[in-house]
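Below is one structure; the comments refer to it alone.
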Amino acid sequence: MALFSTRIVLLHMTVGVVAVSLSLAGEVIPIGTILRNPESYYLHVVTLEGTVRHVKSPSIPFLGPVCSRGGAIFHPPFTFTLEDETGSIVVGRLRVCWSPGLKLPEVSEGEKVIIDAEIFGPDQDSEYRKDFPGELPTTYAVVMNVRRP
């Protein structure tokens, strides 16, 4: 009976976490709100809106891997700063092998964008920091989708 109760509790907790993540991804959250309480957003997908600044590639030379999927193209990582009237946050796009015809998240300096991105802190990001050694602050975002307002 205790095992059954534990599973039910875990199921309810999982549904709650997924529901919170999905609700955060729909409404635009001011960057300043995330920066004031970053721990509550870590590992959540959120929607941010702002102006793209400081687009740059990593400072290390990047040799692209051979993409194993037929016809996929290697795209190197880059970072940019997203600014709104409440603050700014560094955003990274990871290195990816992307199939032709799929929309790759791209941005240009000065462009106004709406992004869906996952928020990371110092303990959640060991896989991501290797693309940007020494270039990411404590709290940053990894872009998943870019739209134009």
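The values are calculated or read from the model by the stated rules, or taken from the named source; none is laboratory data. Only a predicted model underlies this, so the values are computations on that prediction, with no experimental measurement involved. Note that we place each Cβ from the backbone using ideal geometry, even for glycine, and neighbour counts take in every protein chain shown.
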For this session: Identify, by number, the condition in (1) assigned to a helix (DSSP H, G or I); (2) surrounded by fewer than 16 Cβ atoms within 10 Å (Cβ to Cβ); (3) modelled with pLDDT of 95 or more that Arg53 doesn't meet.
Result: (1)
Exercise. If we scan region 93-106, do we find a residue that is closer than 23 Å to Pro38 by Cα, in a loop (DSSP other than H, G, I, E, B), at pLDDT below 95 and of a type outside the set (A, V, I, L, M, F, W, C)?
Worked result: no
